[in-house]
Amino acid sequence: EDANIDTDMNFVMNEENNFIEIQGTAEGNPFSEVELQSMIELAKKGCQELIDLQKKHS
């Protein structure tokens, strides 16, 4: 559960590494542009890992 977080972000990407959806809100303290860029990089990495796993197990 994310009850104690400062930011809630959701990313959906396709296998070409393009964004389909981005949702986000600062739940507590606001976040900086640098922090947003960090979240984007983490999302790209995580989405690619999920896509690779889906391909491997399909």
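The values are calculated or read from the model by the stated rules, or taken from the named source; none is laboratory data. Predicted model only: the values in this text are computed from it and were never measured. Note: ideal-geometry Cβ built from the backbone for every residue, glycine included; neighbour counts use all protein chains shown.
Scan region 22-29 and tell me whether some residue there is in a loop (DSSP other than H, G, I, E, B) and of a type in the set (G, A, S).
Within region 22-29, the subset in a loop (DSSP other than H, G, I, E, B) is 27-29.
Okay, now just the ones that are also of a type in the set (G, A, S), so 28.
Yes, region 22-29 has at least one match.
Please verify whether Q48 is assigned to a helix (DSSP H, G or I) and either touching a residue at least 24 places away in the same chain (Cβ under 8 Å) or among the hydroxyl-bearing types (S, T, Y) (or both), treating the condition exactly as stated. Judged against the criteria, Q48 is a match. A single member of I40, I5, I20 is surrounded by 10 or more Cβ atoms within 10 Å (Cβ to Cβ) and at pLDDT 95 or above, and it is I40.
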